[in-house]
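The values are calculated or read from the model by the stated rules, or taken from the named source; none is laboratory data. Quick caveat, the model's predicted, so the values are computed rather than measured. When we count neighbours, we look across all protein chains shown, and the Cβ atoms used for this are built from the backbone with ideal geometry, even at glycine.
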Amino acid sequence: MSLPLILYLAATVVPVFFSRVAAAPTWLSLQGLALCWIGLSGHEGLSAHAVLAGLEVLLVRALLVPWLLRRALGKSAQARKSLMPSNLFAWGAAITLTILAFRFGDGTGGNLRALTLGVIAAIVMIAFLILATNREPGAQLVALLFMENALMLFESLMPAPWPLPVHLGLSGVYVLTVIVGSWLVGGHTRHGHTTTSKENP
(Lines give C-alpha, C1' and ligand atoms only; values in the text may rest on other atoms or scores of the structure.)
Protein backbone atom coordinates (compact mmCIF):
# COMPACT_ATOMS: atom_id res chain seq x y z
CA MET A 1 0.00 0.00 0.00
CA SER A 2 1.36 3.43 -0.93
CA LEU A 3 2.35 5.87 1.80
CA PRO A 4 -0.25 8.57 0.95
CA LEU A 5 -3.00 5.92 0.90
CA ILE A 6 -1.89 4.73 4.35
CA LEU A 7 -1.95 8.34 5.57
CA TYR A 8 -5.44 8.85 4.15
CA LEU A 9 -6.79 5.64 5.70
CA ALA A 10 -5.23 6.47 9.09
CA ALA A 11 -6.67 10.01 9.00
CA THR A 12 -10.13 8.48 8.62
CA VAL A 13 -10.06 5.39 10.81
CA VAL A 14 -8.07 6.67 13.81
CA PRO A 15 -10.40 9.60 14.68
CA VAL A 16 -13.45 7.32 14.55
CA PHE A 17 -12.07 5.22 17.39
CA PHE A 18 -9.91 7.63 19.37
CA SER A 19 -10.90 11.23 18.60
CA ARG A 20 -13.53 13.81 19.43
CA VAL A 21 -15.53 15.98 17.04
CA ALA A 22 -13.35 18.99 17.89
CA ALA A 23 -10.30 17.27 16.38
CA ALA A 24 -12.08 16.50 13.08
CA PRO A 25 -10.75 19.60 11.25
CA THR A 26 -7.17 18.40 11.82
CA TRP A 27 -7.98 14.95 10.47
CA LEU A 28 -9.76 16.48 7.47
CA SER A 29 -6.63 18.54 6.78
CA LEU A 30 -4.55 15.36 6.79
CA GLN A 31 -7.03 13.75 4.41
CA GLY A 32 -6.74 16.75 2.10
CA LEU A 33 -2.94 16.55 2.15
CA ALA A 34 -3.08 12.82 1.40
CA LEU A 35 -5.54 13.39 -1.47
CA CYS A 36 -3.25 16.05 -2.93
CA TRP A 37 -0.29 13.68 -2.63
CA ILE A 38 -2.22 10.82 -4.25
CA GLY A 39 -3.38 13.08 -7.07
CA LEU A 40 0.10 14.34 -7.84
CA SER A 41 1.72 10.90 -7.68
CA GLY A 42 -1.03 9.03 -9.52
CA HIS A 43 0.04 10.13 -12.99
CA GLU A 44 3.40 10.04 -14.68
CA GLY A 45 4.86 13.51 -14.89
CA LEU A 46 3.43 16.70 -13.45
CA SER A 47 1.06 18.15 -16.03
CA ALA A 48 -0.54 21.57 -15.60
CA HIS A 49 -3.87 19.82 -14.99
CA ALA A 50 -2.41 17.69 -12.17
CA VAL A 51 -0.77 20.71 -10.52
CA LEU A 52 -3.95 22.82 -10.69
CA ALA A 53 -6.12 19.97 -9.41
CA GLY A 54 -3.67 19.30 -6.58
CA LEU A 55 -3.58 22.97 -5.64
CA GLU A 56 -7.39 23.09 -5.62
CA VAL A 57 -7.56 20.03 -3.34
CA LEU A 58 -4.91 21.51 -1.05
CA LEU A 59 -6.61 24.91 -0.71
CA VAL A 60 -10.17 23.65 -0.35
CA ARG A 61 -9.91 20.30 1.43
CA ALA A 62 -6.77 20.77 3.50
CA LEU A 63 -7.16 24.44 4.45
CA LEU A 64 -10.50 26.18 3.78
CA VAL A 65 -13.04 23.55 4.85
CA PRO A 66 -11.18 22.49 8.04
CA TRP A 67 -10.94 26.18 8.99
CA LEU A 68 -14.68 26.70 8.41
CA LEU A 69 -15.50 23.59 10.43
CA ARG A 70 -13.23 24.63 13.29
CA ARG A 71 -14.98 28.02 13.42
CA ALA A 72 -18.40 26.36 13.41
CA LEU A 73 -17.59 23.96 16.21
CA GLY A 74 -15.93 26.59 18.38
CA LYS A 75 -16.24 25.60 22.01
CA SER A 76 -19.67 23.99 21.71
CA ALA A 77 -20.56 21.04 23.92
CA GLN A 78 -20.93 18.65 21.00
CA ALA A 79 -17.33 19.35 19.94
CA ARG A 80 -16.19 17.55 23.09
CA LYS A 81 -18.08 14.36 22.20
CA SER A 82 -16.64 11.33 20.42
CA LEU A 83 -17.22 10.84 16.72
CA MET A 84 -18.60 7.39 17.48
CA PRO A 85 -19.94 6.08 20.83
CA SER A 86 -17.16 4.49 22.85
CA ASN A 87 -18.66 1.06 23.40
CA LEU A 88 -17.71 -2.44 22.33
CA PHE A 89 -20.77 -2.86 20.09
CA ALA A 90 -19.99 0.23 18.00
CA TRP A 91 -16.29 -0.61 17.84
CA GLY A 92 -17.04 -4.21 16.88
CA ALA A 93 -19.43 -3.04 14.16
CA ALA A 94 -16.82 -0.60 12.82
CA ILE A 95 -14.09 -3.24 12.68
CA THR A 96 -16.42 -5.77 11.05
CA LEU A 97 -17.63 -3.29 8.43
CA THR A 98 -14.06 -2.25 7.65
CA ILE A 99 -12.99 -5.86 7.09
CA LEU A 100 -16.05 -6.59 4.95
CA ALA A 101 -15.44 -3.43 2.92
CA PHE A 102 -11.87 -4.50 2.22
CA ARG A 103 -13.09 -7.92 1.16
CA PHE A 104 -15.62 -6.24 -1.13
CA GLY A 105 -12.83 -4.27 -2.75
CA ASP A 106 -10.48 -7.26 -2.64
CA GLY A 107 -8.33 -5.05 -0.43
CA THR A 108 -6.15 -7.96 0.65
CA GLY A 109 -5.12 -8.81 -2.90
CA GLY A 110 -2.04 -6.59 -2.84
CA ASN A 111 -2.94 -4.70 -6.00
CA LEU A 112 -2.89 -0.92 -5.49
CA ARG A 113 -6.15 -0.44 -7.38
CA ALA A 114 -7.86 -3.12 -5.28
CA LEU A 115 -6.44 -1.62 -2.09
CA THR A 116 -7.71 1.83 -3.06
CA LEU A 117 -11.18 0.45 -3.75
CA GLY A 118 -11.06 -1.31 -0.38
CA VAL A 119 -10.11 1.94 1.37
CA ILE A 120 -12.97 3.80 -0.35
CA ALA A 121 -15.49 1.12 0.62
CA ALA A 122 -14.20 1.05 4.22
CA ILE A 123 -14.47 4.82 4.59
CA VAL A 124 -18.01 4.91 3.19
CA MET A 125 -19.05 2.15 5.61
CA ILE A 126 -17.45 3.98 8.53
CA ALA A 127 -19.20 7.22 7.55
CA PHE A 128 -22.56 5.45 7.44
CA LEU A 129 -21.84 3.94 10.86
CA ILE A 130 -21.16 7.39 12.32
CA LEU A 131 -24.42 8.66 10.83
CA ALA A 132 -26.26 5.70 12.36
CA THR A 133 -24.74 5.87 15.85
CA ASN A 134 -24.24 9.59 16.52
CA ARG A 135 -27.15 12.04 16.37
CA GLU A 136 -25.03 15.14 16.96
CA PRO A 137 -25.08 17.46 13.90
CA GLY A 138 -21.33 18.07 14.20
CA ALA A 139 -20.48 14.36 14.00
CA GLN A 140 -22.91 13.81 11.14
CA LEU A 141 -21.36 16.70 9.23
CA VAL A 142 -17.91 15.16 9.66
CA ALA A 143 -19.24 11.83 8.37
CA LEU A 144 -20.58 13.54 5.23
CA LEU A 145 -17.23 15.26 4.65
CA PHE A 146 -15.46 11.91 5.03
CA MET A 147 -17.75 10.46 2.34
CA GLU A 148 -17.10 13.36 -0.03
CA ASN A 149 -13.35 12.93 0.40
CA ALA A 150 -13.79 9.23 -0.42
CA LEU A 151 -15.49 10.29 -3.65
CA MET A 152 -12.45 12.42 -4.48
CA LEU A 153 -10.20 9.41 -3.81
CA PHE A 154 -12.22 7.48 -6.39
CA GLU A 155 -10.68 9.72 -9.07
CA SER A 156 -7.35 7.96 -8.61
CA LEU A 157 -8.98 4.81 -10.01
CA MET A 158 -10.01 6.53 -13.23
CA PRO A 159 -7.91 5.98 -16.36
CA ALA A 160 -7.83 9.75 -16.89
CA PRO A 161 -8.27 12.57 -14.34
CA TRP A 162 -11.57 14.40 -14.18
CA PRO A 163 -11.75 17.75 -16.04
CA LEU A 164 -11.11 20.86 -13.96
CA PRO A 165 -14.81 21.96 -14.10
CA VAL A 166 -15.72 18.65 -12.44
CA HIS A 167 -13.10 19.30 -9.75
CA LEU A 168 -14.49 22.78 -9.16
CA GLY A 169 -18.04 21.42 -9.00
CA LEU A 170 -17.09 18.80 -6.41
CA SER A 171 -15.21 21.42 -4.40
CA GLY A 172 -18.26 23.70 -4.56
CA VAL A 173 -20.47 20.90 -3.19
CA TYR A 174 -17.85 20.20 -0.49
CA VAL A 175 -17.73 23.84 0.62
CA LEU A 176 -21.54 24.12 0.45
CA THR A 177 -21.84 21.02 2.63
CA VAL A 178 -19.69 22.51 5.37
CA ILE A 179 -21.43 25.91 5.14
CA VAL A 180 -24.93 24.44 5.47
CA GLY A 181 -23.71 21.95 8.08
CA SER A 182 -22.04 24.72 10.07
CA TRP A 183 -25.30 26.66 10.07
CA LEU A 184 -27.15 23.59 11.37
CA VAL A 185 -24.47 22.97 14.00
CA GLY A 186 -24.64 26.59 15.14
CA GLY A 187 -28.44 26.53 15.29
CA HIS A 188 -28.43 23.27 17.24
CA THR A 189 -25.88 24.68 19.69
CA ARG A 190 -27.92 27.84 20.29
CA HIS A 191 -31.11 25.82 20.70
CA GLY A 192 -29.46 23.48 23.16
CA HIS A 193 -28.07 26.43 25.12
CA THR A 194 -31.49 28.10 25.25
CA THR A 195 -33.17 24.91 26.41
CA THR A 196 -30.56 24.42 29.12
CA SER A 197 -30.99 28.01 30.28
CA LYS A 198 -34.76 27.60 30.60
CA GLU A 199 -34.37 24.38 32.54
CA ASN A 200 -31.78 25.92 34.90
CA PRO A 201 -32.86 29.51 35.65
Scan the stretch 161-171 residue by residue and report those that are exposed (fewer than 12 other Cβ atoms within 10 Å of the Cβ) and either in contact with a helix residue (DSSP H, G or I) (Cβ under 9 Å, 6 or more places away or on another chain) or not in a helix (DSSP H, G or I) (or both). P163
Might you check whether a residue that is modelled with pLDDT under 85 and farther than 28 Å from L184 by Cα occurs anywhere in the stretch 75-91? yes
